[in-house]
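Please treat every number below as a calculation from the coordinates, not as lab data. Because the structure is a prediction, the values reported are computed rather than measured. Cβ atoms come from the backbone with ideal geometry, glycine included; neighbour counts cover every protein chain shown.
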Amino acid sequence: MDMALPVVNATAAALARVSAAFNAPFARAVVFGVHIDGHLVVEGLLIAVIVFQLSRKSYKPPKKPLTEKEIDELCDEWEPEPLCPPIKEAARIDTPMLESAAGPHTIVDGKEVINFASANYLGLVGNEKIIDSCVGSLEKYGVGSCGPRGFYGTIGFDEGVQWAVQNGLHLSRSTVVYFKHNDMASLASTLEKLTRGNKRAEKIRRYIVVESIYQNSGQIAPLDEIVKLKEKYRFRVILEESHSFGVLGKSGRGLAEHYGVPIEKIDIITAGMGNALATDGGFCTGSVRVVDHQRLSSAGYVFSASLPPYLATAAVSAVNYLEENPSVLTNLRSNIALLHKELSDTPGLEISSHILSPIVFLKLKKSTGSPATDLDLLETIAERVLKEDLVFIVTSKKSNLDRCKLPIGIRLFVSAGHTESDISMLSSSLKRVSASVLSDYL
């Protein structure tokens, strides 16, 4: 502190001398009745410098324009930076190439294979009636309608929901709370904690988010118990039905029909149409109030175009087909039950999915303790099954952003279009290959 005082005093003295130097020549100067002193001169100079800097060009144009040769040489020398960093050799993935429609049988890498990797539950991919309806819609309405279609609160959701649901929850900017996968005791405890002693709880929008059939496990949500809890704690329910619409229930109407729960007790239902309905796009439905809010506020409506008419027509045709051919549901459920029976004694693997789920989920009986090693083993099984027996299956590999902590496994998508011989081939191949790959873990 003692050392700083002389510096401060010296600086003050220097400023006083500069001010006096500017003030002395103008001590008696008066212009248009305004006394001119040194400070005004300094300020005027600063303003002139600022105006000069703002008015000057930010670059000096070349005195002589470049020749065509010089331009070509500069272009040849320029090396643009890559849009993304190069992929390391260890991270490269040699994925199978699908070369035809993803029906029960398809073409992969030039070979016909039995397809258990596509969610074509009703076997409607390539259906002639649906294709004809698309063609008729294209001829009448064109390719696209070209128009844009366009909540804060607390959300409790199952920790096993798929990435698309997780991303939607993130976009909602709500307070998100997890409960254990398909565990109603955990859900009840979570709802109790969120509402007990919370005076604001009844004033904010609160939702329970579940999948009807979980893509990451093949389990079915116990909707009857969820509805009881939502009424007890005054929450709303958002039900994601991408894998259950057209599959569950007597007529394929989904989880509410399966459990006999009145549809009005479900506040919001969402579903993608790329599975059972064999088209694309999706829908979100609920009460009139919910639908009106979605039209005005949802990210899907604001930031994307409306569904092309031919895709909507295909979805309508698929629903009509299901109503006219209810036996397709019988075929699907028979195939699921047969596959469960065939795979019940697969070496090193066990079925963890529900008996009515078209996603038959196989996980390791004994984990190695390393998710990376588990995935390598399962990927090896899938690759060998495809290479040796021409049966196309996939693992439940997740991205680094996926927060789902459920075990990875092999995900088999059953279709009503599969035959008994298709299922028999899959079963025998999986048993033989898993016995070989998992021999050290049995």
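Some points to look at:
- Between the residues Asn182, Pro104, Ile131, the greatest Cα displacement towards the positive end of the dipole of region 99-240, with unit charges on the Cβ of Lys, Arg, Asp and Glu, is found for Asn182.
- Listed by chain and number, the aspartates and glutamates whose alpha-carbon sits under 12 Å from that of Lys397, ignoring those within fewer than 8 places in the same chain, are Asp374, Asp376, Glu379.
- Set of lysines with alpha-carbon distance to Lys140 below 17 Å, sequence-local pairs under 8 removed: Lys129
- Only lysines eight or more places from Lys69 in sequence, or on another chain, were considered; those with a Cα closer than 22 Å are Lys60.
- Local net charge near Leu430, Cβ-Cβ under 15 Å (Lys/Arg +1, Asp/Glu -1): 0
- Highest average first, the peptides 432-439, 251-258 ordered by how many other beta carbon atoms sit within 10 Å of their residues are 251-258, 432-439.
- Contact order normalised by residue count of region 181-246, Cα under 8 Å, 6+ apart, percent: 38 percent
- Greater than 20 Å apart at Cα, pairs in Lys199/Lys265; Lys111/Lys431; Lys228/Lys265; Lys193/Lys405; Lys387/Lys431; Lys228/Lys250: Lys199/Lys265; Lys111/Lys431; Lys193/Lys405; Lys228/Lys250
- Relative contact order %, region 302-422, counting alpha carbon pairs below 8 Å whose residues are six or more apart: 25 percent
- Phi to ³J(HN,Hα) by Karplus 6.51 cos²θ - 1.76 cosθ + 1.60 over region 306-323, Hz, x for Gly, Pro: 5, 5, x, x, 5, 6, 5, 5, 4, 5, 4, 5, 5, 5, 4, 4, 5, 5
- When only Cα pairs below 8 angstrom with a gap of at least 6 residues are kept, region 206-288 shows a relative contact order of 25 percent.
- Among 395-402, 420-427, 79-86, the order from most to least packed when residues are scored by Cβ within 10 Å on average: 420-427, 395-402, 79-86
- Taking amide H positions as modeled 1.01 Å from N, with prolines and chain starts lacking one, the residues under 5 Å from Val237 and 5 or more places away or on another chain are Ile208, Asp267, Ile268.
- Packing-based order for 44-54, 218-228, using average beta carbon neighbours within 10 Å, highest first: 218-228, 44-54
- For region 394-401, the Karplus equation 6.51 cos²θ - 1.76 cosθ + 1.60, evaluated at θ = phi - 60°, returns couplings of 9, 9, 8, 4, 10, 7, 5, 7 Hz by residue, with Gly and Pro reported as x.
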